[in-house]
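*Asks:* Provided herewith is a single structure, encoded as structure tokens, for subsequent inquiry.
Values quoted throughout were computed directly from the atomic coordinates according to the rules given, and no laboratory measurement underlies them. Remember, predicted model here, so these are calculated numbers, not experimental data. Neighbour counts are summed over all protein chains in view; Cβ atoms, including those assigned to glycine, are modelled from backbone coordinates with ideal geometry.
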Amino acid sequence: MKNWVLLGLILLVSGRIAAQTEGKKDSLKIENLPSVPLDSATLAQADTLKNVKKKWMPVPKTATRLALIPGAGQLYNRDYWKAPIVYLAFGGGLYTYYLNTIKYNDFLSAYKSFYILDKNSPDYGNKKKELQSADARVPVRVRNLLNTSSEYVDATEDQIIRQKNYWRRNRGFALIVTGLIYTLSIIEANVAAHLKTFDLSDDLTLNVSPKLNQPSMTTPTPGVRLVFNIK
């Protein structure tokens with residue numbers, strides 16, 4: 001009888017020891033697992049990072065090279081509203097130069113009609129006899145703005161010379177203005193590309209920290225220092 005009681009006590013003690021050992025192993029496994037909080041803020045931040053796209057930045061050198069073709073630099077910078085302005089200004093300058101050239105050539109031809117231009121003639125370079133008087137007139141071709149029709153008016157040599165010089169000056173001025181427009185379009189494309197590379201956002205980081213040394217104090221004086229980090 002005593003042997004059976006002793007055997008029961010031994011089995012009971014060994015069962016408790018095994019249960020305690022398994023409990024410790026389970027607790028150690030649970031403690032070693034990392035805890036990752038998955039709150040709504042973390043999930044929202046992860047979704048935001050996925051949806052953020054890299055901002056496109058133009059290259060100033062490329063914009064300048066493309067601007068050699070009028071309007072191409074503005075299109076490269078994605079300033080689409082500027083391209084029609086460049087086209088209108090540049091096209092208007094070229095048309096003004098073309099129109100003044102036509103007017104100048106018409107009055108130049110009328111002026112040449114006063115003189116003998118046949119190199120085989122002994123009077124080459126002299127004024128024609130029938131046109132030597134101050135009141136002599138010759139027909140001058142006058143074209144409209146679109147150059148679709150023309151008419152002829154009589155004018156004296158003095159009038160023709162003044163008009164010839166007037167349209168010649170306007171032609172030179174139109175050429176200069178067209179060149180300036182072309183140059184400004186290249187400069188504008190370069191400057192706009194540089195400005196687009198700057199960070200113009202309102203993200204200003206403020207750092208507040210204590211400070212003991214004040215500029216106008218001889219002894220250490222507690223204070224606050226504000227530091228702005230402008231990106």
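*Asks:* If each residue's Cβ is checked for other Cβ atoms within 10 Å, how do 56, 167 rank with the fewest at the top? Write out the running numbers ahead of the final one.
*Replies:* On the way: 56 7, 167 20.
Final ranking by Cβ density, sparse to dense: 56, 167.
*Asks:* Does segment 60-196 come out rounded, prolate or oblate, given a ≥ b ≥ c as the square roots of the eigenvalues of its C-alpha gyration tensor, rounded meaning a/c under 1.5 and, failing that, prolate meaning a/b above b/c? Write out the running numbers ahead of the final one.
*Replies:* Values: a/c = 4.42, a/b = 3.15, b/c = 1.40.
Prolate.
*Asks:* Taking the Cβ of each residue in 116, 69, 181 as the centre, tally the other Cβ atoms inside 10 Å and list the residues starting with the fewest. Numbers along the way, then the final one.
*Replies:* Numbers: 116 15, 69 12, 181 18.
Ascending number of Cβ neighbours within 10 Å: 69, 116, 181.
*Asks:* Now a separate question. What is the fewest-to-most order of 219, 156 by other Cβ atoms lying within 10 Å of their Cβ? Intermediate results must be reported in sequence, preceding the final value.
*Replies:* Values: 219 7, 156 16.
Ordered from fewest to most neighbouring Cβ atoms within 10 Å, 219, 156 come out as 219, 156.
*Asks:* Holding the Cα-Cα limit at 25 Å, pick out from 82/164; 103/127; 82/103 the pairs that are longer than that.
*Replies:* Details: 82/164 37 Å; 103/127 23 Å; 82/103 32 Å.
With Cα atoms farther than 25 Å apart: 82/164; 82/103.
*Asks:* Then there is this: For labels at residue 113 and residue 80 in the simple 7 Å Cα→Cβ model, what's the distance in nm?
*Replies:* Once both label points are built, they end up 5.3 nm from each other.
*Asks:* Moving on to the next point. Set the Förster radius R0 to 35 Å, insert the Cβ-Cβ distance between residue 177 and residue 137 as r into 1/(1 + (r/R0)^6), and round the FRET efficiency to 0.05.
*Replies:* Values: r = 34 Å, r/R0 = 0.97.
The calculated FRET efficiency here is 0.55.
*Asks:* I've got another one for you. About its Cα centre, how strong a charge dipole does segment 60-196 have in debye, to the nearest 20, once Lys and Arg get +1 and Asp and Glu get -1 at the Cβ?
*Replies:* Numbers: 19 positive and 11 negative charges, 95 e Å.
Dipole magnitude for segment 60-196 comes out near 460 debye.
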